[in-house]
């Protein structure tokens, strides 16, 4: 029977994949043709969703984007046997957009049926755990440390060092917490992993548990991801039934239990201590550090808190070894980064590459330039707390240290492009507004500063033309306020809001009613 | 705003509490269960929840009001969330939200007079490669323009 693949990823669904799948099934029935429909994850070429594939002897071939109205024509053209059709794209693996990538964390994404455990295992799944179960905790931690993996949530803290702290913290109970509160605009790689390859996250968390001696894991999932919730719960259920989770994982005598907890729409809960408060059933107020969560985390116990991508990268490291992973990348940024192309781009989607590619390659070679066809004027990298970069910085390589040199962050690898119609003063105002909406309220610079920031941005907009003397004063106020927030906030929400604000002001002064020279000084 | 809960609603709230009270950190799971069932978390339920979880009513109130997701009032039959985050702004979300507000005749956090649709802002739906995005109940849509949103709203209105 011929296998036909129609993705079940949220983005594919948002563009009508369910209707396309139903149309294919109905048309096949009508023509008395037997097909096997598989709802796979997405390959990440989101501008081409719904991205339909057909299995052939030479490999899977793609037809995209397929809407229900295209389906009868596809059957007429005998697409099940690679018949000629305007939507035919050839062998999926040969598409240059995919071929140019280095997919390690995303090795299986889009290829397998996300909830099929058999499919996962057939595609190298659970090899990492098998190795881990034959190693001591300290040895597993050493592999993770040697791989050079750094926290992919944004803070880029070495994962192995965090694990080592938890490993060496004596306690009856320890926890693994997965931060799946992916709230940054322009990011969706966590969502893709959870929806399109959930077992890789489950395996990564299980390995973390085995390594540090934790028997309970929680996935703190944002409430805005209803599809991910369903997929994760189904996968956890199947993994438990098959003995990959539970009291005796793979007959090793070791226990690891996993549960998904729904967040409730607070951006600040992506901050690890606020997340822990929320998991404990409280308001998501940021905690003072120390104590570190690795020493006193969830319910006061030693806790590993890692992002989805960090944990989902663990299985391949344990499978292929630390050196294999560390051989990718540049400088102190080892391995690969799943980059998410978003905003005003012609070809948005998931690009996993070794560190070191430039923004320009991503925006133009992969992204295909702006969707509107107008020049790309500004790019925000790393979510709502990331800096805005002008065209002159597009040659910066994606590397944690290279980005800090230009006072920017890589964050979670989201890239949001804006064309020339963007008003950067408005974006700066929005950054303050977002901070005001999402502030947990514990520290003054964030709670009050964000609201004052919105007010002063409104004054700047008003005084731009008519009142130059008060205008200069307001600009200075934004700088002073940013300085206070930067240095006085308890966590990154208040502490990094000045990144989008000041980068907008410094790189695009004309939008603030200033000429370039006034700022360059 | 005080409403009196029916005995049936009270029983449903009790069932939600009972199903989750033993979980570690049970408050959020309990609140999610109640909202999934009733569509919101009634203030009148705070004492019940507080008592079952050995918390103060103030603590329950604090948690419900801290999180954007929890609603304190009944909502319309459908909830439409429009993404206001940067990626969607880059693709015209502001125009879209203005269009929806005027088409429905309501602002954010309000419900249409016929009780069909409640409008809410949201900050990222994880569909940023196909902005602008909206979520109608649990159905996600991408590359939404004014024409597409009209169809989405119409479909919701005619559905039961």
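What FRET efficiency do you get for residue A:19 and residue B:146 if R0 is 22 Å and r is their Cβ-Cβ distance, rounded to the nearest 0.05?
With R0 = 22 Å, the Cβ-Cβ based efficiency is 0.55.
To the nearest whole percent, what portion of all C-alpha pairs in segment A:424-520 is separated by more than 22 angstrom? Cα-Cα pairs of segment A:424-520 separated by over 22 Å account for 22 percent.
Inter-chain Cβ neighbour count for A:280-290, averaged per residue, equals 4 (cutoff 10 Å, partner chain atoms only).
FRET efficiency for the residue A:466 to residue A:332 pair, using the beta carbon distance and R₀ = 56 Å, is estimated at 0.65.
Taking every C-alpha pair closer than 8 Å and separated by at least 6 residues, the mean separation divided by the residue count of chain A gives a relative contact order of 13 percent. Per residue, chain A reaches -12000 deg cm²/dmol at 222 nm when only DSSP H runs of four or more residues are counted, each adding -39500 (n - 2.57).
Per residue of peptide A:128-136, the mean number of Cβ atoms on other chains within 10 Å of the residue Cβ is 0. When peptides B:147-154, A:160-167 are sorted by average Cβ neighbour count within 10 Å, with the highest value leading, the order is A:160-167, B:147-154.
Against chain B, whose longest principal axis comes from its Cα atoms, helix B:57-66 is set at around 10 degrees. Taking label positions 7 Å along the Cα-Cβ direction at both residue A:406 and residue A:233, the computed distance is 4.4 nm, reported to one decimal. Over the Cα atoms of segment B:1-51, the radius of gyration divided by the Kirkwood radius equals 0.94; this is the Rg/Rh ratio. Remark: mean inter-chain Cβ contacts per residue of B:114-127 equal 5, using a 10 Å Cβ-Cβ cutoff to other protein chain atoms. Here A:469, A:116, B:87 are placed in order of increasing Cβ neighbour count within 10 Å, fewest first, which gives A:469, A:116, B:87. In plain terms, the C-alpha convex hull of segment B:44-109 casts an average shadow of 6.2 nm² when viewed from every direction.
Computed on segment A:157-311, with alpha-carbon pairs under 8 angstrom and 6+ residues apart, the relative contact order is 33 percent.
What is segment A:193-264's relative contact order, in percent, from Cα pairs under 8 angstrom and six or more apart in sequence? After rounding, I find 39 percent. Convex hull of alpha carbon positions in chain B: directionally averaged projected area 10.4 nm². State log₁₀ I(q)/I(0) for segment A:177-279 at q = 0.15 Å⁻¹ as given by the Debye formula over alpha-carbon point scatterers of equal weight, solvent excluded. The calculated log intensity ratios at q = 0.15 Å⁻¹ are -0.59. Just to be sure I understand the curve: with the Debye formula and one point per C-alpha of chain A, what is log10 I(q)/I(0) at q = 0.10 Å⁻¹? Log10 of I(q)/I(0), two decimals: -0.82.
Considering only beta bridges that DSSP places wholly inside the protein assembly as shown, some 55 percent are antiparallel. How many percent of the alpha carbon pairs in segment A:117-326 exceed a separation of 27 Å? Cα-Cα pairs of segment A:117-326 separated by over 27 Å account for 22 percent. Taken over the Cα atoms of segment A:2-97, the convex hull encloses 84 Å³ per residue. Remark: A:135, A:194, A:485 ranked as A:135, A:485, A:194, counting other beta-carbon atoms within 10 Å and listing the fewest first. In chain B, the DSSP-assigned H stretches of four residues or longer account for a calculated mean residue ellipticity at 222 nm of -13500 deg cm²/dmol, using -39500 (n - 2.57) per stretch and the full residue count as denominator. Ranked by how many other Cβ atoms sit within 10 Å of their own Cβ, fewest first, the residues A:358, A:20, A:273 fall in the order A:358, A:273, A:20.
Here, each number is a calculation from the coordinates, and none is a lab measurement. What you see is a predicted model; the values in this text were computed from it and never measured. Please note: Cβ atoms are built from the backbone with ideal geometry, for glycine as well, and neighbour counts cover all protein chains shown.
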